[in-house]
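K.L.:
After the structure tokens below, expect a handful of questions from me.
Here, each number is a calculation from the coordinates, and none is a lab measurement. Just so you know, these numbers come straight off a predicted model, no measurement behind them. Cβ atoms come from the backbone with ideal geometry, glycine included; neighbour counts cover every protein chain shown.
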Amino acid sequence: MKKVALFIVMALVVLTLTSCIEVIHVITISNGVVSTQIRYTAQKYLFDMLSLFSTDGVNASDVFDIGEEIFEDIPEGFASLRKIDSPYDFGAEITIISSYDDDVPFVPHKVGDYFIVTLPSLGGDEMDEDTIDFLSGTKYRMILSLTDVLSDIRHAEVYVGDDYLLGEDDGVNVIIQDKLMVVEIPMVLLFMGEEDYMVILY
């Protein structure tokens, strides 16, 4: 996780509070098969700017490595990683194919009448005020297709660990539109917390 923290701190040298990092987490279920994609990208102009001010040799491999570090806890055979290197963005897309009976991070796991999506904490390093302000402008967006076994889901709650409920005052938003649910979580929360986050669907 040190590379993640280093990347963010270096970005602060040249960036104002803009959303140059995007994380999209899409979940669909069809015939009991869960397809999960997590895509994160950082804008290339960030690296162009950093190269003007930094002598540390920042490059895209640092961004690619983030994906391998964050998703290393996913059991072997469930996930594949694809690097993103477009004219505008660096990043990666992780695809996880499983079932809702598998207890896999980032994937809905059926427990009784509920589904639980575990988001591993990205925390561990202390962050200064500038880093917190920077991350407060970025969102982790989980998008769920309310079909198949999720068709009756109408509520989502986000917990830190097992018992601390986050709400709108914390920047967490849940939006439902027809057969889509969007759960928005400020990235700063994921980096500050030392416990896993639980998204409860019911």
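K.L.:
Taking amide H positions as placed 1.01 Å from N in the peptide plane, with prolines and chain starts having none, which residues 5 or more places from ILE84, or on another chain, fall under 5 Å of its amide H?
P.N.:
GLY91, ALA92, GLU93
K.L.:
How long is the gain from TYR202 to LEU180 if the chain were fully straight, where each residue apart is worth 0.36 nm and the alpha carbon distance is subtracted?
P.N.:
Once the chain is fully extended between TYR202 and LEU180, it gains 6.5 nm.
K.L.:
Sticking with this one: Enumerate by residue number the chymotrypsin sites (Phe, Trp or Tyr not before Pro) in the stretch 78-108 meeting two conditions: DSSP loop (anything except H, G, I, E, B), and at most 16 other Cβ atoms within 10 Å of the site's Cβ.
P.N.:
When the chymotrypsin sites (Phe, Trp or Tyr not before Pro) of the stretch 78-108 are filtered for loop state and at most 16 Cβ neighbours within 10 Å, TYR88 remain.
K.L.:
So what J values fall out for the stretch 170-176 if you push phi through Karplus, 6.51 cos²θ - 1.76 cosθ + 1.60 with θ = phi - 60°, rounded to Hz, Gly and Pro as x?
P.N.:
Listing the rounded values in order: 8, x, 8, 10, 10, 10, 10 Hz.
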